[in-house]
Amino acid sequence: MLRRIYEVDPLACPRFAALLDETIHAGTPPPVDLLIRTGGERRLSDFLFWEMAYAEAAVVCLLDGPAEGTTEQLYERFCERHRGSCRQNEEFRGVLYTAQHCQLVVMALTPKEEIGAEVHKLDQFFRVEEGTGEVLLDGVRTAIRAGFAVVVPAGTNHNIINTGSVPLKLYTLYAPPNHRDGVVYHTRADAEADNEHFDGQTTE
């Protein structure tokens with residue numbers, strides 16, 4: 001079976017990843033984002049080789065002396081790097097990742113700009129990374145700033161407004177997905193001009 005896989009051109013075979021999954025890993029673990037090896041070994045075990053293709057790896061030595069970093073510190077650094085994608089974003093809206101049941105989107109609102117009042121048939125979560133603003137949920141207005149999170153249940157009329165003097169950077173999670181995977185809009189006008197919706201295609 002392995003010989004058969006090696007003889008297949010991965011670019012010409014849509015089932016290449018599926019064949020590897022069927023052949024070289026046991027069970028169905030969730031996707032690996034961060035692997036921490038605590039014994040000081042600087043190698044990957046064969047059974048995780050394929051699953052680690054898009055993951056980050058860290059090595060610490062907890063057995064033979066002081067650790068180079070605790071698992072909590074490594075996890076925080078991992079999260080900080082990924083939050084950086086939100087802070088560096090300058091587009092009105094961009095879809096970063098789409099799974100079957102949820103979707104990660106980054107947004108940036110210029111001063112005095114707003115998302116626009118809308119109602120979804122799905123649940124939504126916002127987290128503010130930079131700036132200040134206001135969120136309206138069914139007419140109730142609440143001030144928000146960096147570090148604030150907002151949960152928007154399905155059917156809620158909602159809007160977010162940048163009330164500050166610098167861009168309001170935030171990310172949002174849709175559950176289930178709401179937009180076409182990978183779509184990016186530079187301005188709100190661009191987004192409103194394209195009546196696109198999730199078409200069933202996921203990132204992976």
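The values are calculated or read from the model by the stated rules, or taken from the named source; none is laboratory data. Worth saying up front: this structure is predicted, and the values here are computed from it rather than measured. Cβ placement follows ideal geometry from the backbone for every residue including glycine, while neighbour counts extend to all protein chains displayed. These accessible areas exclude ligands, DNA and RNA; they are computed on the full protein's heavy atoms, side chains included. Shrake-Rupley method; radii C 1.70, N 1.55, O 1.52, S 1.80 Å.
Things worth noting here:
- Summing Lys and Arg as +1 and Asp and Glu as -1 over all other residues whose Cβ lies under 14 Å from the Cβ of G182 gives a net charge of -4.
- For the pair segment 142-167 / segment 83-108, the C-alpha centres are spaced 16 Å from each other.
- Inter-site label distance for F148 and H186 at 7 Å from Cα along Cβ, in nm: 3.0
- Length available on full extension from R141 to H120: 0.36 nm per residue minus the Cα-Cα distance, which gives 5.7 nm.
- Cβ-based charge dipole, segment 94-204, positive-most Cα from Y97, G131, F198: G131
- Per residue, the solvent-accessible area of segment 156-204 (1.4 Å probe, heavy atoms of protein chains only, all protein chains present) comes to 51 Å².
- Solvent-accessible ranking of F92, F198, largest area first, probe 1.4 Å: F198, F92
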